[in-house]
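To start, the structure itself, in structure tokens.
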Amino acid sequence: MQPGRGVAALVGDTQVALFRLADGSVYALGNIDPFTGAAVVSRGIVGDRGGEPTVASPLYKQVFALRDGRCLAGADEGDAVSLPAFVVRVMGDALQVGLR
């Protein structure tokens, strides 16, 4: 996985967006944008807000925290909306994603 970019994976029957950051940390979120229903989160723009690692949806640019999937958009844009966040573990060259 290229740092700063996302990739999509199918884990069981769940679409997951995986992200590796420049520091080597890896995050896994649901790949379905809750605002559009499109499977696009893995193609989002990786960044941060005040040290919080984030991804912005490529469609309407809502920003989600990579740690827990919270939407960091304003209250009128989905304050109560979030993406599912999954536990991810690096095992050599493989990633293990724990679905809840």
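Read-outs: derived from the displayed coordinates by stated rules, not from any lab. This structure is a prediction, so every number in the text was calculated from the model and none was measured. Methodologically, a virtual Cβ is constructed for each residue, glycine included, from the backbone with ideal geometry; neighbour enumeration extends over all protein chains shown.
Work through the residues other than E52 whose Cβ is under 11 Å from its Cβ and net out their charges, Lys, Arg +1 and Asp, Glu -1. Intermediate values should be presented prior to the final figure.
Values: positive: R49, R67, R70; negative: D48, D68.
Every neighbour counted, the sum reads +1.
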- Task: Considering Cα pairs under 8 angstrom that are at least six residues apart, work out the relative contact order of the range 5-98 and quote it in whole percent.
- Result: 21 percent
- Just V87, V41, V26 to compare: in a GNM of the chain, with alpha carbon springs under 10 Å, which one fluctuates most? V87
- Query: Top mean-square fluctuation among A85, A65, A38, Gaussian network model of the chain, C-alpha springs under 10 Å?
  - Reply: A38
